[in-house]
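One structure is given below, encoded as structure tokens.
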Amino acid sequence: MAVDTLSAENLYVADAQGRFGGEFGGRFVPETIIPALDELTEAYAKAKADPAFQEEFAYYCKDYVGRPTPLFFAEKMTRELGGAQIYLKREDLAHTGAHKINNALGQILLAKRMNKPRIIAETGAGQHGVATATACALFGYECEVYMGEEDVERQKLNVIRMNLLGAKVIPVSSGTRTLKDALNEAMRDWVTNVRNTHYIIGTVAGPHPYPTMVRDFQSIIGIESRQQIQEETGGLPDVVVACIGGGSNAMGIFYPFVHDAGVRLIGVEAAGHGLHTEHHAATLTAGSKGVLHGSASYVLQDTHGQVRSTHSISAGLDYPGVGPEHAHFKEQGRAEYVSVTDEEALDAFQWVAKSEGIIPALESSHAFAHVRKLAPTLPKEQKLIVCLSGRGDKDVDQVARRLGLL
Ligand SMILES: Cc1ncc(COP(=O)(O)O)c(C=O)c1O
């Protein structure tokens, strides 16, 4: 499988320093991890060019993850909204229940090549932690996962899953006790143990080469979607919608459409209690240019450059940063970025369950909340793909409490 089917000289590829549009990305890290990042960059470039690596990745995607995931025509939802035809890219049907497994497998295969026996990761919703713990179990690797205490509380099911898979979950009590703090701790661990440790970052953020590498592994979502919609309808979609935490499921589905000017790409961020409050995580919509976790991008920060605390009902979107490539897409006007509130996402969660018999992750429910508003405004002949990034089992307990059912 060709992970990167797009030409090297195009506008949307990072330069040698890992900068998108010369401005976003790069490496803002302590000197001690520069050699590790260089080693990783080289190992990844070699692997990417090696058909044996591509075949190995394709094999595990197919026979272990269950790819390709289906592209499902949501007939009932389409009829109800009365506008564009809605297709669901079913990443919830990938092994472990979310898109995160694509990247975890790609990176573990790389760690194997680099002979790094210890794996660390950070997780918010727990899906990346579960995916990493799964890949480590499969290949017999030691695995430690950093997770904010608040996320440990709201994503209990995933903590149990990681433990069952043999991983050690390390609760992080600093800061807001969410994803950004877990990332800080994982970075700190990596700086100390860089010789024998590979850090599997779970999204298209972090220092170069992570944003490019994670995007490549996740591009399988868009490559499949492109082929599937063409086979089914004979043409490309008019709109592609995905939720944005760090931005990996969105970039994965967007990237293979980047040169199709007629395809609108829409990323949906978490507006939490509303953009007029301090309690949201809408980085591209309401943030400003800054540096977080090793790369330049958009960041939610105050006037002194201090990273602001965020809020989202969904742990996987509760992050004050975003991948640098999305910042570039925003500047170029190649993608649109919007946001929806907790309440809208919660409504969409219930709506998708009743409408299609699919319980979506709270993260993905943000994308659906926007689709619910957008689809009725579009002509009936238009086709819209929404990335159903993961299943909502992990969120049932939290939603039930919110709805007073527990
Ligand atoms: C199901 C699901 N969707 C989306 C996300 C957000 O991450 P990203 O923006 O990197 O896809 C997460 C993060 O944990 C997730 O678990």
When you scan the range 95-123, how many residues do you find that are more than 16 Å from H198 (Cα to Cα) and under 14 Å from the mean Cα position of the chain (by Cα)? 6
For the range 198-210, does any single residue satisfy the condition of being open to solvent by less than 30 Å² (accessible area, probe 1.4 Å), touching a Lys or Arg at 6+ places or on another chain (Cβ under 6 Å), assigned to a helix (DSSP H, G or I) and not charged (D, E, K, R)? no
Number of the condition not met by M187 [criteria: (1) surrounded by fewer than 18 Cβ atoms within 10 Å (Cβ to Cβ); (2) more than 15 Å from the ligand (Cβ to nearest atom); (3) part of a helix (DSSP H, G or I)]: (1)
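Quick one: is D347 among the acidic types (D, E) and within 13 Å of the ligand (Cβ to nearest atom)? Step through it out loud before you land on a result.
Values: among the acidic types (D, E): yes; within 13 Å of the ligand (Cβ to nearest atom): no.
It is false that D347 is among the acidic types (D, E) and within 13 Å of the ligand (Cβ to nearest atom).
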Scanning the range 78-137 residue by residue, those buried (at least 22 other Cβ atoms within 10 Å of the Cβ), assigned to a helix (DSSP H, G or I) and either without any contact (Cβ under 8 Å) to a residue 12 or more places away in the chain or away from the ligand (no atom under 16 Å from the Cβ) (or both) turn out to be I108, L110, A111, C136
Here the residues within the range 184-231 that are more than 18 Å from L40 (Cα to Cα) and in contact with a strand residue (DSSP E or B) (Cβ under 7 Å, 6 or more places away or on another chain) are E185, I221, S225, Q228, I229
Which one of these is on the phi < 0 side of the Ramachandran plot, surrounded by fewer than 24 Cβ atoms within 10 Å (Cβ to Cβ) and within 15 Å of the ligand (Cβ to nearest atom): T277, T285, T303? T285
Failed condition for R215, given (1) buried (at least 24 other Cβ atoms within 10 Å of the Cβ); (2) among the basic types (K, R); (3) modelled with pLDDT under 95: (3)
Of the residues that make up the range 69-77, is at least one modelled with pLDDT of 95 or more, within 26 Å of E356 (Cβ to Cβ) and within 16 Å of the ligand (Cβ to nearest atom)? yes
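Select from the range 9-52 the residues that are in a strand (DSSP E or B) and open to solvent by less than 20 Å² (accessible area, probe 1.4 Å) and write down the one among them that is nearest to R334 (Cα to Cα).
Going residue by residue through the range 9-52, those that are in a strand (DSSP E or B) are 19-20, 24-25.
If we keep only those that are open to solvent by less than 20 Å² (accessible area, probe 1.4 Å) too, we end up with 20, 24-25.
Details: F20: 13, F24: 15, G25: 17 Å.
Among them, the one singled out is F20.
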Which listed residue is small (G, A, S), more than 20 Å from the chain's Cα centre (by Cα) and within 16 Å of the ligand (Cβ to nearest atom), from A335, A353: A353
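Given the structure, is I385 at pLDDT 95 or above and either among the aromatic types (F, W, Y) or in a loop (DSSP other than H, G, I, E, B) (or both)? Give the derivation first.
Details: at pLDDT 95 or above: yes; either among the aromatic types (F, W, Y) or in a loop (DSSP other than H, G, I, E, B) (or both): no.
Judged against the criteria, I385 is not a match.
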Those residues that are crowded, with 19+ Cβ neighbours inside 10 Å, among the β-branched types (V, I, T) and not in a loop (DSSP other than H, G, I, E, B), I need them from the range 167-184; list them, please. V169, V172
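The values are calculated or read from the model by the stated rules, or taken from the named source; none is laboratory data. Keep in mind it's a predicted model, so treat the numbers as computed, not measured. Note: ideal-geometry Cβ built from the backbone for every residue, glycine included; neighbour counts use all protein chains shown. Heavy atoms of the whole protein, side chains included, go into the accessibility calculation; ligands, DNA and RNA do not. Shrake-Rupley method; radii C 1.70, N 1.55, O 1.52, S 1.80 Å.
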